[in-house]
Amino acid sequence: IAAMLLALPLLLAAGSRHRSTIVRHAVAGANDAATDTWHRDAVAATAAWALWIAAVNLCPFARKSLETSDAISYVVTEADNQKAFYAAAVACARDLAAASDVDPTAAIVFLVAPFYEPDDFPAFLRSVEALEDDVMPEASDDAIQIAGFHPAWAFGGVPDDDPLHFEKRAPHPTVSLVLVDGAAAGS
């Protein structure tokens, strides 16, 4: 674990080469300089985490997506309640499905939600489960799959120091929406 954690600052620096693409996605809808700055910071931290996950091979799928040009987008929401969080996820799902008509490699959107349950992992996990089971089936077909990530993520029955936990420990509460057909096109 220590070696993996020591690699993170190097990946943060390496991730700066992708910053122009990342920032373009982050600032969409930003209303002022302060919002623009924290959107950029949230996206940069999430993108660095995703690069790190790929670099240490905790998720081979992430590596394939990150190596595919324009396969990953980042959206930051200011949602601080379940209704707003679900609305943002549904909007991302619809945008992802619409983009796939034009670009089959538009495979993943990371919806970064810094203000939604940042200190309550169990509540966030329940929301992601409800989003997957109840909300998304109404908003899209099976072509989009979701996965949740949280700074406090912990797999039950796994030792605290197991690297597996870090695959799901994003810097902010985050949901990935994966376009299944697009992911296959990018691999």
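The values are calculated or read from the model by the stated rules, or taken from the named source; none is laboratory data. Here the structure is a predicted model, which is why all the values come from computation and not from measurement. Positions of Cβ are generated from backbone atoms using ideal geometry, with glycine treated the same way; all protein chains shown enter the neighbour counts. To get the accessible areas, we keep the full protein, side chains included, count just its heavy atoms, and leave off ligands, DNA and RNA. Shrake-Rupley method; radii C 1.70, N 1.55, O 1.52, S 1.80 Å.
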Flag if Asp134 is open to solvent by 20 Å² or more (accessible area, probe 1.4 Å), modelled with pLDDT under 90 and farther than 21 Å from Thr46 by Cα:
yes
I want to confirm something. Restricting to region 145-185 and keeping residues that are in contact with a Pro (Cβ under 8 Å, 6 or more places away or on another chain) and at pLDDT below 90, which single residue is surrounded by the most Cβ atoms within 10 Å (Cβ to Cβ)?
Gly182
Starting from region 145-174, keep only residues that are over 21 Å from Asp41 (Cβ atoms), then list their pairs with residues that are outside any loop (DSSP other than H, G, I, E, B) and open to solvent by 60 Å² or more (accessible area, probe 1.4 Å) whose Cβ atoms are within a distance under 7 Å, requiring at least 6 positions of separation or different chains.
Ile146/Glu132; Phe155/Leu164; Val158/Leu164
Hey, can you tell me all the residues within region 42-78 that are of a type in the set (S, T, N, Q) and within 11 Å of the chain's Cα centre (by Cα)?
Thr46, Ser73
For region 102-109, does any single residue satisfy the condition of being modelled with pLDDT of 85 or more, under 23 Å from Ala54 (Cβ atoms) and surrounded by 16 or more Cβ atoms within 10 Å (Cβ to Cβ)?
yes
Close pairs from region 64-75: first over 18 Å from Asp95 (Cβ atoms), partner at pLDDT 75 or above, Cβ under 6 Å, at least 6 apart:
Leu66/Ala54
